[in-house]
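Remarks on the structure that follows.
Here, each number is a calculation from the coordinates, and none is a lab measurement. In this text the structure is predicted, and so the values were computed from the model without any measurement. Reconstructed Cβ throughout: ideal geometry from the backbone, glycine too, with neighbour counts over all protein chains shown.
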Amino acid sequence: MHAQDLLVEHPSVLSDPEWIALESLDDHTDRFVFEDSMLHILEDRGLVEAAGERWRLTEDGRQRLHERAA
């Protein structure tokens, strides 16, 4: 299954896999359970950014994660 198959069409709605991906980055885990394609999709949506060898949430990503959790 491709990462694109896990996404929701609406740009302001996070799918469960996107939410899980953002949550795992927020926890600063060393093990990312998705393929790199998910990171690039989230990057294209402005939710994450490369930070050297690691990835981190952008402010928009943090806000979206907070909204979904509330």
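Backbone amide hydrogens, once placed in the peptide plane, bring W55 within less than 5 Å of nothing, excluding anything fewer than 5 places away on its chain. Between the residues S37, A21, G61, the greatest Cα displacement towards the positive end of the dipole of segment 10-69, with unit charges on the Cβ of Lys, Arg, Asp and Glu, is found for G61.
Between R68 and E35, the FRET efficiency from the beta-carbon distance, with R0 = 25 Å, is close to 0.70. Counting only the Cα atoms, segment 10-69 fills a convex hull of 77 Å³ per residue. Couplings 3J(HN,Hα) for segment 51-58, derived from phi with the Karplus relation 6.51 cos²θ - 1.76 cosθ + 1.60 (θ = phi - 60°), are 10, x, 7, 10, 10, 9, 6, 7 Hz, where x marks Gly and Pro.
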